[in-house]
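One structure is given below, encoded as structure tokens.
The values are calculated or read from the model by the stated rules, or taken from the named source; none is laboratory data. If you're wondering where the values come from, they're calculated on a predicted model, not measured in any experiment. Backbone-built Cβ (ideal geometry, glycine too); neighbour counts: all protein chains shown.
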Amino acid sequence: MFDAGDPEPLPDWLNELETSRLPGLPSLAKVIREDLPAAVQAITSPYSSGVNEGRITDVKLQKRIMAGRAKIPLLRQRVVLIAHLRRL
């Protein structure tokens, strides 16, 4: 669906999730159905927030790793280093 940008198979896919016996999948289908227009927009939109989400995840990870043992300058240095390494 995402590669093709076609939300047409979404209802059938959600039906498969709802009938799945794997834990968590039926509730995932329910949550997606509650905001179906947003799901369709995510499939059809040419824009993505993936890069931003990755940066936020990096910052949160560094914050957890350092767990208050360092001040802002070291956190900034590590985040910039990780951003540089991701570009390689």
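Checking residue 18 against (1) over 28 Å from residue 76 (Cα atoms); (2) out of contact with any helix residue (DSSP H, G or I) (no Cβ under 6 Å at 6 or more places or on another chain); (3) among the charged types (D, E, K, R): exactly one of these is not met. Which one?
(2)
What are the residues in segment 54-81 that are closer than 28 Å to residue 3 by Cα and either touching a Cys at 6+ places or on another chain (Cβ under 6 Å) or modelled with pLDDT of 85 or more (or both), if any?
Passing the criteria: 56, 57.
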